[in-house]
1. If you go through the range 112-145, how many residues are open to solvent by 50 Å² or more (accessible area, probe 1.4 Å), β-branched (Val, Ile, Thr) and at pLDDT below 95?
2. In the range 146-162, what residues are among the aliphatic types (A, V, I, L, M) and buried (at least 16 other Cβ atoms within 10 Å of the Cβ)?
3. Here's a check for you: in the range 129-151, which residue that is aromatic (Phe, Trp, Tyr) and assigned to a loop (DSSP other than H, G, I, E, B) is nearest to Ile41 (Cα to Cα)?
4. Going through the range 1-38 one residue at a time, which ones are of a type in the set (S, T, N, Q) and within 16 Å of the chain's Cα centre (by Cα)?
5. Condition check: open to solvent by 40 Å² or more (accessible area, probe 1.4 Å), under 17 Å from Lys43 (Cα atoms), touching a residue at least 12 places away in the same chain (Cβ under 8 Å) and hydrophobic (A, V, I, L, M, F, W, C). Does Ile109 satisfy that?
6. Give me a count of the residues in the range 38-53 that are assigned to a loop (DSSP other than H, G, I, E, B) and in contact with a Ser or Thr (Cβ under 9 Å, 6 or more places away or on another chain).
7. Counting only residues that are touching a strand residue (DSSP E or B) at 6+ places or on another chain (Cβ under 6 Å) and over 19 Å from Arg72 (Cα atoms), which one in the range 10-59 is modelled with the lowest pLDDT?
8. I'd like to check something: does the range 80-103 contain any residue that is without any contact (Cβ under 8 Å) to a residue 12 or more places away in the chain, part of a helix (DSSP H, G or I), closer than 24 Å to Ala31 by Cβ and open to solvent by 20 Å² or more (accessible area, probe 1.4 Å)?
Amino acid sequence: VGAKKNVTIPFPLWNNAWGGIASGSFHVIGADPGGSKSAVIEKLELATAHPDNKVRVGVMSLEMKKEFKLSRYAQHLYGPSVGPKELMAGTADLDLLKQAITELQEYSIFIDDTKYQRYGLVDAMRAMYETHGIDYFTVDFLQILSAYRGESKYDNATSNVTALFDFARETGCA
């Protein structure tokens with residue numbers, strides 16, 4: 001695999017200090033439950049995969065279905081009237097949602113919402129990488145990967161992070 005460029009992200013201070021997210025790097029975002037980790041990642045995915053940027057983003061959504069994820073992207077772009085709560089309540093602005101979905105088709109975001117275990121996740125990422133030429137991956141809700149029989153939570157977390165970091169280094173994907 002040839003060396004990839006760093007991925008420019010919508011955080012100017014990060015880009016200025018480190019030149020974006022380094023190819024082959026691995027980053028973990030942690031916060032308390034309800035701390036908006038998913039929202040931050042979704043905004044990062046949208047900004048990175050914007051049609052002007054030519055960065056292909058692979059999204060491994062272990063927690064939420066693709067349709068729900070798309071309505072959250074629509075909400076980030078067009079506001080709460082197209083978000084998941086309104087959609088589920090039957091009060092969403094469907095014309096605006098249709099406009100948002102049409103716009104999102106121009107973004108280079110590839111979503112896999114399958115519930116994987118550790119090695120299945122890495123295999124699916126590899127397949128997405130090879131099929132779509134992904135530059136940057138996000139894995140939302142990594143903690144959902146359950147431990148194997150007899151494996152402690154610490155060993156499970158360590159093994160998950162190691163497997164993903166090894167994949168990032170091997171492919172050059174951030």
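The values are calculated or read from the model by the stated rules, or taken from the named source; none is laboratory data. Here the structure is a predicted model, which is why all the values come from computation and not from measurement. No Cβ is skipped: glycine too gets one built from the backbone with ideal geometry, and neighbour counts run over all protein chains shown. Side chains included, ligands, DNA and RNA excluded: accessible areas come from the protein's heavy atoms. Shrake-Rupley method; radii C 1.70, N 1.55, O 1.52, S 1.80 Å.
1. 2
2. Taking the range 146-162 first, the residues among the aliphatic types (A, V, I, L, M) are 147, 157, 161.
Within the range 146-162, Ala147, Ala157 qualify.
3. Filtering the range 129-151 down to residues aromatic (Phe, Trp, Tyr) leaves 129, 136-137, 141, 148.
Narrowing the set further to residues that are assigned to a loop (DSSP other than H, G, I, E, B) leaves 141, 148.
Numbers: Phe141: 11, Tyr148: 27 Å.
Across the range 129-151, the extreme among qualifying residues is Phe141.
4. Just the residues of the range 1-38 that are of a type in the set (S, T, N, Q), to begin with: 6, 8, 15-16, 23, 25, 36, 38.
Once the filter is applied, which keeps residues that are of a type in the set (S, T, N, Q) and within 16 Å of the chain's Cα centre (by Cα), the range 1-38 yields Thr8, Ser23, Ser25, Ser36, Ser38.
5. Numbers: open to solvent by 40 Å² or more (accessible area, probe 1.4 Å): no; under 17 Å from Lys43 (Cα atoms): yes; touching a residue at least 12 places away in the same chain (Cβ under 8 Å): yes; hydrophobic (A, V, I, L, M, F, W, C): yes.
Criteria not met by Ile109.
6. Pass one, the range 38-53, residues assigned to a loop (DSSP other than H, G, I, E, B): 49-53.
Next, from what is left, pick out any that are in contact with a Ser or Thr (Cβ under 9 Å, 6 or more places away or on another chain): 49-51, 53.
Final tally of qualifying residues: 4.
7. Keep residues of the range 10-59 that are touching a strand residue (DSSP E or B) at 6+ places or on another chain (Cβ under 6 Å), which gives 20-21, 38, 41, 45, 48-49, 55, 57-59.
After this cut, where a residue has to be over 19 Å from Arg72 (Cα atoms) as well, the list is 20-21, 55.
Numbers: Gly20: 85, Ile21: 88, Val55: 91.
The selected residue is Gly20.
8. Yes, the range 80-103 contains a residue that is without any contact (Cβ under 8 Å) to a residue 12 or more places away in the chain, part of a helix (DSSP H, G or I), closer than 24 Å to Ala31 by Cβ and open to solvent by 20 Å² or more (accessible area, probe 1.4 Å).
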